[in-house]
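These notes concern the structure reproduced below.
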Amino acid sequence: MITREIQLAAQIAGIPTLDHFTVATTEVDGEVVVRTDQVGLAATYLELMRADCSIPVPAWQPGQRVGVAAIGTVVRSDSPELAVGDLVQSMTGWSEYSAGPAAQYTKLDPIADPGYYLGQGPTAYYGMADVAGVGEGDVVFVSGAAGGVGSLAGQIAKCLGAARVIGSAGSPAKVDYLVNELRYDAAFDYHDGSPADRLRELAPEGISVFFDVVGGEQYQAALQAARPGARFALCGSLSSQLGDTAERFPKPDHAAAQARGVELLPFSCYHTPDQIAAWREHFSTWLGEGRFVYPQTVIKGAVEDVPQAFLSLLQGSYRGNVSVRLS
């Protein structure tokens with residue numbers, strides 16, 4: 001099977017551009033051949049494109065296909081486990097077709113919107129439920145709340161019993177989206193004044209949980225607003241993602257956190273099957289009960305349009321979980 005795929009043309013050192021990607025034509029063959037229908041996008045992919053990648057998995061090399069999560073349809077199968085027409089999920093990345101052993105693909109239940117399977121729910125659920133341990137009465141602050149992880153994390157906190165959930169976002173439209181569509185109790189535009197002042201206004205008695213995907217000034221603001229014993233689930237630091245390693249992942253101020261009795265809880269976005277299953281079970285229940293909204297942006301285009309969609313994601317052009325439906 002001949003396919004077109006997106007490969008890394010050169011590892012990224014500064015600001016990513018389209019020149020870092022190339023469209024290549026390759027052959028794929030294996031026990032199962034799958035047509036890619038939709039691919040997921042996530043800001044964490046940027047780290048895997050760097051020579052100084054700090055994630056504990058191998059960085060992508062020039063000439064290697066990029067991307068991770070994909071949903072597709074089986075078009076050829078020599079396996080009794082999968083039949084032609086089955087909907088499957090894989091980690092095969094940005095390509096029109098993929099192939100490999102049947103064990104590489106997970107058969108999915110056909111649903112109205114397969115994009116549900118491409119979201120960053122496992123990260124949001126694990127960080128909020130298991131790492132931060134959110135429960136009844138918690139006051140929760142989520143940075144980057146309109147993004148793929150944050151848009152789920154705040155809703156998860158509400159479903160777990162949090163008394164109040166506050167989010168930050170980068171525009172008035174996203175603030176409105178958080179409150180009126182995702183049911184955050186309050187939200188603010190981090191460009192509109194000091195985040196520390198906004199948190200004092202919206203959480204006068206302090207926060208007990210901080211779910212952080214931004215870092216920087218918003219982390220410092222959360223530290224000032226933290227109650228003694230607050231738990232900080234540290235997922236990322238997108239505010240400085242374009243710098244070198246030290247700038248992209250600044251070390252949390254342990255001394256200041258210790259002085260305020262704050263527990264710093266950094267965690268990995270690499271998930272076990274049990275963590276993924278836990279998310280899907282709760283998500284399905286909450287969605288069925290009408291307590292949850294799945295926020296997503298779906299871009300329609302060819303495989304060569306995926307890099308531009310990825311760059312737009314990094315620039316904050318979308319909200320919710322982002323994917324490209326291939327045409």
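So the values come out like this:
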read-out	value
Residue within the range 151-174 that is over 18 Å from R319 (Cα atoms), without any contact (Cβ under 8 Å) to a residue 40 or more places away in the chain and more than 23 Å from the chain's Cα centre (by Cα) present	yes
Subset of the range 202-220 that is modelled with pLDDT under 95 and part of a helix (DSSP H, G or I) - its residue that is farthest from the chain's Cα centre (by Cα)	Q220
The lone exception for Y126 - which of (1) open to solvent by less than 20 Å² (accessible area, probe 1.4 Å); (2) in a helix (DSSP H, G or I); (3) within 30 Å of I207 (Cα to Cα) it fails	(1)
Those residues of the range 82-113 which are of a type in the set (V, I, T), in contact with a Ser or Thr (Cβ under 9 Å, 6 or more places away or on another chain) and open to solvent by 20 Å² or more (accessible area, probe 1.4 Å), in sequence order	V84, T106
Residue count, the range 47-78 (criterion: within 13 Å of T106 (Cα to Cα) and part of a loop (DSSP other than H, G, I, E, B))	1
Members of the range 17-36 that are buried (at least 19 other Cβ atoms within 10 Å of the Cβ) and farther than 15 Å from G63 by Cα	V32, V33, V34, T36
Counted residues, the range 293-327 - those being open to solvent by 20 Å² or more (accessible area, probe 1.4 Å) and in contact (Cβ under 8 Å) with a residue 40 or more places away in the chain	12
Tally of residues being in a loop (DSSP other than H, G, I, E, B) and in contact with a His (Cβ under 8 Å, 6 or more places away or on another chain) across the range 12-46	0
Any chance G148 is of a type outside the set (A, V, I, L, M, F, W, C), closer than 17 Å to H271 by Cα, touching a Ser or Thr at 6+ places or on another chain (Cβ under 9 Å) and in a loop (DSSP other than H, G, I, E, B)	yes
Test: V68 is open to solvent by 30 Å² or more (accessible area, probe 1.4 Å), of a type in the set (V, I, T) and without any contact (Cβ under 8 Å) to a residue 12 or more places away in the chain	no
Residues located in the range 114-123, provided they are under 15 Å from S323 (Cβ atoms) and surrounded by fewer than 24 Cβ atoms within 10 Å (Cβ to Cβ)	P114, G115, Y116, Y117
Filtered residues of the range 281-307 (kept if farther than 20 Å from Y45 by Cβ and under 15 Å from the mean Cα position of the chain (by Cα))	Y294
Residues within the range 224-254 that are touching a helix residue (DSSP H, G or I) at 6+ places or on another chain (Cβ under 6 Å) and at pLDDT 65 or above, tallied	4
Residues satisfying the stated conditions in the range 51-68, i.e. closer than 19 Å to T22 by Cα and in contact with a helix residue (DSSP H, G or I) (Cβ under 8 Å, 6 or more places away or on another chain)	A59, W60, V66, G67, V68
Number of the condition not met by L199 [criteria: (1) in contact (Cβ under 8 Å) with a residue 24 or more places away in the chain; (2) under 23 Å from the mean Cα position of the chain (by Cα); (3) open to solvent by less than 10 Å² (accessible area, probe 1.4 Å)]	(2)
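The values are calculated or read from the model by the stated rules, or taken from the named source; none is laboratory data. Computed from a prediction, not measured in an experiment: that's the story for all the values here. Note that each Cβ is placed from the backbone with ideal geometry, even for glycine, and that neighbours are counted across all protein chains shown. Side chains are part of the model used for accessible areas, which takes the heavy atoms of the whole protein and leaves out ligands, DNA and RNA. Shrake-Rupley method; radii C 1.70, N 1.55, O 1.52, S 1.80 Å.
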